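S.K.: Here it is: the structure, laid out below.
The values are calculated or read from the model by the stated rules, or taken from the named source; none is laboratory data. What you are looking at is a predicted structure, and each value in this text was computed from that prediction instead of being measured. Using ideal geometry, Cβ is built from the backbone for each residue, glycine included, and neighbour counts are taken over all protein chains shown. In case anyone asks, the SASA skips ligands and DNA or RNA and just uses the protein heavy atoms, side chains included. Shrake-Rupley method; radii C 1.70, N 1.55, O 1.52, S 1.80 Å.
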Amino acid sequence: MNVLRPTLLLALLGVASCARALPRAAASAGPERPPNIVYILADDAGYGDLGVYGQKQIRTPRIDEMAREGMRFTQHYAGAPVCAPSRSVLMTGLHTGHTTIRGNFGMGPQGKDIRVPLRDRDVTVAEVLKRAGYATGIIGKWGLGEAGTEGVPNKQGFDYFFGFLDQHAAHEYYPEFLWRNDEKVPLPGNENGRHGQYADDLFMNEALSFIGQHRDGPFFLYMALTLPHALMEAPDDSILASYAGKYPPKEAAFAAMVTRLDHDIGRVLDRLHELGIDDNTIVIFTSDNGPHHEDGHDAAFFDSNGPLRGTKRDMYEGGIRVPFIAWAPGRIRAGAVSDHPSYFADFLPTAAELAGVRFTGPTDGISFAPTLFGREQPRHAFMYWEFPEGNSQGVRMGDWKGVRIPAFTGAMQLYDLKTDVSEAHDVAAAHPEVVRKITSIMEREHQPAPLFWAHDRESHAGR
């Protein structure tokens, strides 16, 4: 981890420093006109849910086309096996041993679950890009700070926000209200359980409007969509009709939600082309964690994790390895496939490099921009995960994958992903030196987090 205390002001050429202290970002060699960045995050879409990753039953023609016209990563990882910590890693560039939010819930008084927000001193990718002259917007699900906290999007570098603050509320596709910046927006037609407006339709309208308003750029749009997360609710339209009758109702709804997600991504790409800015926009599509088993959906029904072991909440590959496609006509070579191991912590330094600035604050990430543009790519010595609610830790070191359950005290499981991507054969006994190295990484990379780990709370209380 490149650790610098976040007490330096962010300084960009010709841009005044802000009141809030941020790590320094210095001007570096970059394009005269920095690209727009659109980051589309699906919710619980598995590695095997897309045609280009092997899905045979669910239609995803626009995502498949996006991969043919851009670059598909085969070894990209989410920040965590569940929503909130994964998004915290994405925003801060710090893995779950360092980032503020380690789980969906923290431990409050008397053992009560609490939502833990980002702090004022946390530095997000939106802040870095905003100081670099970008207009910044988030449409969809935030989940990193509720109303009245320091963690709301408008206090974390976003100029504009429309969507859900509360990740639990984001389970509803027909909500009673959404947030626009710091104001509640009531949605008619939702009283007494009556269905009204489909949330992701509203998100798409807002996203397309944001793109149009900021067409002169540069802009950063974080589209944190809720498809295909539970609840399993799809509008009664031609997409759902094409799956209804072929599959059980919950599975038909899931398939329709994935295809609807695909259709929405196509709308974004089309809008960029219509505005003539597709040649100066980089679009990224990925998912926040592996596939879910919720609201009657079975991730095995459509083989949503493909060849991988595990699903959402698991530290195995199926819980954290996710689809990842980067699209930028004329900038990224069409049809490219990369096996570069990367993860959510890499996005902040990548975005900074794309914007033409050098971020020197604390980060566990390495920019993958060199991979996008065919240059020599630095590689991670390791990637680290921890998950309090699953009581687990994980490390990827080269082709080795270490999993420890329970965290900190359990026996190490070791897998050779080069020959065993399904993690079917634990080879820890045959490689004690590798186990020692991974154990050392797990011990070193965890920083105490008393709100999430009981042993940290006990240690902290004893000081």
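S.K.: Every residue in the range 240-251 that is at pLDDT 95 or above and open to solvent by 30 Å² or more (accessible area, probe 1.4 Å), please.
M.R.: Hits for the range 240-251 are L240, A241, S242, A244, K246, Y247, P248, P249, K250.
S.K.: For the range 426-441, check the following and say yes or no: at least one residue is under 16 Å from Y316 (Cβ atoms) and not aliphatic (A, V, I, L, M).
M.R.: Yes, because at least one residue in the range 426-441 is under 16 Å from Y316 (Cβ atoms) and not aliphatic (A, V, I, L, M).
S.K.: Could you tell me whether L240 is free of Cβ contacts under 8 Å to residues at least 40 places away in the same chain and in a helix (DSSP H, G or I)?
M.R.: yes
S.K.: Applying the selection to the range 36-48, what residues are of a type outside the set (G, A, S) and either at pLDDT below 95 or touching an Asp or Glu at 6+ places or on another chain (Cβ under 9 Å) (or both)?
M.R.: I40, L41, D43, D44, Y47
S.K.: Please pick out the residue among T311, T371 that is β-branched (V, I, T), more than 29 Å from E127 (Cα to Cα) and touching a His at 6+ places or on another chain (Cβ under 8 Å).
M.R.: Within the list T311, T371, the selection yields T311.
S.K.: Moving to a separate point now. Which one of these does V268 not meet: (1) farther than 30 Å from M383 by Cβ; (2) touching a strand residue (DSSP E or B) at 6+ places or on another chain (Cβ under 7 Å); (3) hydrophobic (A, V, I, L, M, F, W, C)?
M.R.: (1)
S.K.: Can I ask one more? L178: open to solvent by less than 10 Å² (accessible area, probe 1.4 Å), part of a loop (DSSP other than H, G, I, E, B) and modelled with pLDDT of 95 or more, yes or no?
M.R.: The answer is no for L178.
S.K.: If G103 passes every condition in (1) in contact (Cβ under 8 Å) with a residue 40 or more places away in the chain; (2) more than 20 Å from D44 (Cα to Cα) but one, which one does it miss?
M.R.: (2)
S.K.: Inspect the range 359-372 for any residue being touching a residue at least 60 places away in the same chain (Cβ under 8 Å) and surrounded by fewer than 22 Cβ atoms within 10 Å (Cβ to Cβ) and give the result as yes or no.
M.R.: yes
S.K.: Residues in the range 239-259 that are closer than 28 Å to G70 by Cβ and more than 19 Å from the chain's Cα centre (by Cα): how many?
M.R.: 7
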